[in-house]
């Protein structure tokens, strides 16, 4: 008659909460703990400065995506982006504005990439963009588009515009490739080095014989970008 199962005991605990504007204490504590866990999970995988995913999360994601490519034979591409002359930027403008510049670049990356892509802060002034189900031609288009958007969207500081450019390396991983994650990153990083040697503010990757990447940014896109990054005295870029 009085034998309750664990589920019914739980139900009784919930029902014992007064039906009023005051939430049940135990439910409040449980909700608070869940929020703390979610916040900790986000901190583990998110870069505190830029809000992008961090290197640790990238190091976990890349092997998974490469293994998926091996199983499905859907191409996987990778972009490494390096902000040009960033040491000189910090020397001239200071580290606080340097941090704002990195946040500015992160926001531009989020605007420029597609919903299926993933952006990470690789470390320092370097960022990586992982492009699942994306071949080299598509990846070169994304990289050129991103390079152009960064070049035409300066950082605004006290009504002064500070131009920023970036160099990008791009390469593709296919299901029949034998690269390890480290080797794949080194291959893309080598293309980034070629972009720097070529004078910076450019994209380098394996040459395509009969295809040319579309680098056009429309007037409407430029207007939207400049509108999105107007100076705000109450909020950093």
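Brief remarks on what is shown
- Only one of 235, 211 that is surrounded by fewer than 14 Cβ atoms within 10 Å (Cβ to Cβ), within 21 Å of the chain's Cα centre (by Cα) and either closer than 21 Å to residue 103 by Cα or modelled with pLDDT under 90 (or both): 235
- Selection status of residue 99, out of contact with any helix residue (DSSP H, G or I) (no Cβ under 7 Å at 6 or more places or on another chain) and surrounded by fewer than 20 Cβ atoms within 10 Å (Cβ to Cβ): yes
- Flag if residue 121 is under 24 Å from residue 59 (Cβ atoms) and touching a strand residue (DSSP E or B) at 6+ places or on another chain (Cβ under 6 Å): yes
- Test: residue in segment 163-182 that is within 19 Å of residue 146 (Cα to Cα) and free of Cβ contacts under 8 Å to residues at least 40 places away in the same chain: yes
So that you can scan it fast, the table gives a plain yes or no per residue for (1) on the phi < 0 side of the Ramachandran plot; (2) surrounded by 21 or more Cβ atoms within 10 Å (Cβ to Cβ); (3) at pLDDT 95 or above:
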site: 142; (1), (2), (3): yes, yes, yes
site: 145; (1), (2), (3): yes, no, yes
site: 163; (1), (2), (3): yes, no, yes
site: 167; (1), (2), (3): yes, yes, yes
site: 172; (1), (2), (3): yes, yes, yes
site: 175; (1), (2), (3): yes, no, no
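The values are calculated or read from the model by the stated rules, or taken from the named source; none is laboratory data. Since we're looking at a predicted model, the values are computed, not measured. As a convention, Cβ positions derive from the backbone with ideal geometry for all residues, glycine included, and neighbour counts pool all protein chains shown.
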